[in-house]
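The values are calculated or read from the model by the stated rules, or taken from the named source; none is laboratory data. Since the structure is predicted, the reported quantities are computational estimates derived from the model, not experimental observations. Cβ sites come from the backbone with ideal geometry, for glycine too, and all protein chains shown count toward neighbours.
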Amino acid sequence: MRMFKRYVPKMIAKHVSRLFSGRIYIDGRGGYEFNNGLLMVPIKAEHRHYQTVNEINQEIRRMRDSAC
């Protein structure tokens, strides 16, 4: 499990896309799991969880598109 002290979507997206599956914790945002290179919405999610997952997954897709 990787812990992030600050919410920086680009840095988190790099980590998630590199490792492909695992768990992360973001201070102030909570814990998340990721699989197949994308962040997953946690069980008992709140609005901020959906927002975080959406922002990070958009960043991952942006990184993949620019690599091709």
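Within region 3-26, can you find the residues that are over 11 Å from the mean Cα position of the chain (by Cα) and modelled with pLDDT of 95 or more?
3, 5, 6
Which one of the conditions (1) surrounded by 11 or more Cβ atoms within 10 Å (Cβ to Cβ); (2) among the charged types (D, E, K, R); (3) free of Cβ contacts under 8 Å to residues at least 24 places away in the same chain does residue 59 fail to meet, given that it meets all the rest?
With (1) surrounded by 11 or more Cβ atoms within 10 Å (Cβ to Cβ); (2) among the charged types (D, E, K, R); (3) free of Cβ contacts under 8 Å to residues at least 24 places away in the same chain applied to residue 59, the lone miss is (3).
Does any residue in region 1-21 that is of a type in the set (Lys, Arg) come within less than 7 Å, Cβ to Cβ, of a residue that is not in a loop (DSSP other than H, G, I, E, B) six or more places away or on a different chain, and which pairs are these?
These pairs meet every condition: 2/15; 2/24; 10/59.
Tally up the residues in region 32-56 that are of a type outside the set (Asp, Glu) and free of Cβ contacts under 8 Å to residues at least 12 places away in the same chain, please.
Just the residues of region 32-56 that are of a type outside the set (Asp, Glu), to begin with: 32, 34-45, 47-54, 56.
Narrowing further to those that are free of Cβ contacts under 8 Å to residues at least 12 places away in the same chain: 43-45, 47, 50-51, 54.
So the count comes out to 7.
Of the numbered conditions (1) touching an Asp or Glu at 6+ places or on another chain (Cβ under 6 Å); (2) surrounded by 14 or more Cβ atoms within 10 Å (Cβ to Cβ), residue 24 fails exactly one; give the number of that condition.
It fails just one condition, (1).
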